[in-house]
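J.: I am attaching a structure below and will ask some questions about it afterwards.
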Amino acid sequence: MTSPIWKAKMISSRSPLADIALAIATIVIAGIFIGLSLDLPPPEYEPLGPASVPVGVALCCDGLSIFLLVRASRELQRTHGVAPLVPAREIPGRLILKTSAVLLWTGLYVASMTIVRIPFVWSTAVYLTALSWMLSGFRPKSLLVSAAIALIVAFGCEYVFTHIFTTNLP
Amino acid sequence: MFDGILIVLQPLNFFWLVVGVGSGIVVGAIPGLSGAMLIALTLPMTYYMGNIEAIILLIGMYVGSITGGLITAILFSIPGTPSSIVSTFDGYPMTLSGKAGRALGLGVLSSFVGGVISWAFLAALFGPMTSIALRFSSFDYFAMVLIGLALISTVSRGSTIKGLIGAGLGMLAAMPGIDPTSGQLRFQFGSSDMLNGFATLPTLVGVFAVAIVLEAIFRNDHAISSNANWSQKVEISFHDLARHWKNLLRSSVVGTWIGVLPGLGGNVGSIIAYAFARNSSKTPEKFGKGCEDGIVASEAANNATVGGALVPLVAMGIPGSVIDAILIGALMIHNLSPGPLLYRNAPDVIDALIASALLGHVVMLFIMWFGTRYIARLVSVPRHYLFPVILVFCVVGVFSSSNIAFDLWVMLGFAVVGLFFSATGVPLGPFVIGYILAPIAETNLRSGLMATGGAITPMFTHPLTLGLLSVSVVVLLWPFVSNVRQVRRAEERP
């Protein structure tokens, strides 16, 4: 454990909690692929078959993730579990909330057109207005501008895509 | 070659080239947006264009986006694209000393020269390399893919381990759907929507466009206030060609060869060229304080990577950079199979691609010469208007190419993946290159084993294959060996 090779490999993780999250996610994803590969038929006309390469890649991912997990755990032990999620920077909760809200709002926008079947123009106009206004910090002055831009983009896209490109919109 | 130039100079095709270069410059100039994002976003729009028009537009965007980053790099010390990071070292100090116009002029001229020199390499090399690639065996292709994955994983930002994990996850993301060799359905997760796996377009748009917008919101990027003091014109002087010819030539060659190496891109080229320029300068202490040689080296090299990166793309169908990986997606969308046979099957497309790499730089020169002061003002568009519009174009673009609602959810899913990678320090480049190269790697490995009756020893006895495999192993192990040596040296110091 004291050889230079081990020490070099164990260069400290700068964000151990993030590394642990990444390692666990990768192990889970790779494990799913390995599990599903067990249902694939064995090779018939060639040596490898449809399962070998995915299993090989998944096992490599697992190996790398275990290494990352061990490295991050040692760093956490070394710092007695007080390592920040992202080094040298605190993440304000409001930024996490804002990003999640944008993602959720975009998901609702997609769902409104594909599941609820609200026409593209109105879904887009509402989506753009609300999102622009939210990102501006709910400033009253930007609401009108956001709405104007939203209507131009919504109607403009509808015209361009349906009349010029003649494609379908969601 | 001249056929290609004539094709690009046709009015409609030239129009698309100008649109591509112009939009690439604007997007490249805006920090937080990138050429990869623009090209990924435009892919669905090109679905309804002809093959040649689409390629010309996308190559124009490629050229423009690499160059556009120098505007904000020099004026505000904020690189518009990673390839312009090094230009901030000397460009911004020149702006502070009132020489913004001079700095921009040097950057634009260097970009032009770098692009033209790399185009010359591209035009000269793609034919011989295509002939060589046609003689590659399946195992040789597999080894080339490994080199690309190893390179991109080791030189991307963040640790090598995370780069390799990103590449591995990208390869796994390409596996669902129909097995390319046996036709067997696999990894459908019980859903009929997954018959064709995760489609290329929504994956690329999700990871490169939606995720990057979300990340910019997460980092709380604000619009840059326009530099009200800058009202100079871009000062381009062709005397600089004589004054800086050695640096221009050296940096362009460095950039071209860095671009040829699969997986690397403009930022690596500009860093290495800058280091060479400083090491061979008689006044290295001036670098980083407004030295003209620094801007020349950085900008010549990063534009030279464009032509260099197109060499393996055209000759072998292997991406020379992340943007080239997306261009491979564009070729596939237009039913063009990337590889050495592409020139035989669609010579006009390849001729147009190569000619666009040259004429794109000519168009760039004129747009930047006369339009930089206006583009600099565009950069100050408030993000809260820009980002939602980009997201709408992502949704519209992905849906219009396939008419499948499931693809929109795939796009959002990969946006979450991209955001997760950003939060955990995994670079996106390896993920995308792993996703694009996985089918090529798997097909060639399995074809090779079928041809040898299951024997793997030819991989280690054939000189070329063994050589390529050795290169990939060296590239992968080098960061670890380097770390061990650093630790030993630190221990040996008293």
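The values are calculated or read from the model by the stated rules, or taken from the named source; none is laboratory data. Since this is a predicted model, take the numbers as computed values, not measurements. As a convention, Cβ positions derive from the backbone with ideal geometry for all residues, glycine included, and neighbour counts pool all protein chains shown. Side chains are part of the model used for accessible areas, which takes the heavy atoms of the whole protein and leaves out ligands, DNA and RNA. Shrake-Rupley method; radii C 1.70, N 1.55, O 1.52, S 1.80 Å.
J.: Residue B:337 to residue A:111: FRET efficiency via 1/(1 + (r/R0)^6), r the Cβ-Cβ distance, R0 56 Å, to the nearest 0.05?
T.: With R0 = 56 Å, the Cβ-Cβ based efficiency is 0.95.
J.: Suppose R0 equals 45 Å; then what is the FRET efficiency for residue A:155 and residue B:5 from their Cβ-Cβ distance, rounded to the nearest 0.05?
T.: About 0.65, to the nearest 0.05.
J.: Rounded to two decimal places and with Rh computed the Kirkwood way over Cα pairs, what is Rg over Rh for region B:1-155?
T.: My calculation of the ratio gives 1.04.
J.: Membrane-span-like helices in chain B: DSSP H runs reaching 15 Å or more (Cα, own axis), mean Kyte hydropathy at least 1.6?
T.: Passing helices, by number: B:11-29, B:35-46, B:51-76, B:138-155, B:322-333, B:405-424.
J.: If you take the accessible area of B alone, add that of A alone, and subtract the area of the pair, what total do you get in Å², probe 1.4 Å, to the nearest 100?
T.: Using a 1.4 Å probe, the pair buries roughly 5700 Å².
J.: Whole number in Å², please: accessible area per residue of chain B, 1.4 Å probe, ligands, DNA and RNA not counted.
T.: 36
J.: Carbon and sulfur atoms: what percent of the 1.4 Å accessible area of region A:89-156 do they account for?
T.: C and S atoms contribute 77 percent here.
J.: Put a dot 7 Å past each Cα toward the Cβ at residue B:450 and residue A:59; how far apart are the dots in nm?
T.: The modelled label-to-label distance comes out at 2.3 nm.
J.: Now a separate question. With labels modelled as points extended 7 Å from the Cα through the Cβ direction, what inter-label distance (nm, one decimal) is found for residue B:477 paired with residue B:491?
T.: It works out to 1.9 nm between the two label points.
J.: I want to check a number: in chain B, how many lysine pairs have alpha carbons closer than 17 Å, given a sequence separation of 8 or more or different chains? Working shown, then result.
T.: Numbers: B:99/B:233; B:99/B:286; B:99/B:289; B:246/B:282.
Step by step, the pairs that qualify in chain B add up to 4.
J.: Just grab the label-to-label distance for residue A:24 and residue A:118, each label 7 Å out from Cα along the Cβ direction, in nm (one decimal).
T.: 3.6
J.: Efficiency by 1/(1 + (r/R0)^6): what FRET value for residue B:238 and residue B:345, r their Cβ-Cβ distance, R0 = 41 Å, to the nearest 0.05?
T.: Result of the calculation: an efficiency of 0.50.
J.: Across every pair of different alpha-carbon atoms, what Kirkwood hydrodynamic radius in Å does the protein assembly as shown reach?
T.: 25.7
J.: Next question, about the same structure. At a 1.4 Å probe, which residues in region A:33-60 are at least 20 Å² less accessible with all protein chains present than in their chain isolated?
T.: Those are A:33, A:36, A:40, A:41, A:46, A:47, A:48, A:50, A:53, A:54, A:57, which lose 20 Å² or more relative to the chain on its own.
J.: Ignoring ligands, DNA and RNA, what percent of the 1.4 Å accessible area of chain B is carbon and sulfur?
T.: With neighbouring chains kept in place, the figure for chain B is 65 percent.
J.: Now for a different question. For chain B, what does -39500 (n - 2.57) per DSSP helix run (n ≥ 4), summed and divided by total residues, give at 222 nm, in deg cm²/dmol to the nearest 500?
T.: The helix contribution divided over chain B gives -24500 deg cm²/dmol.
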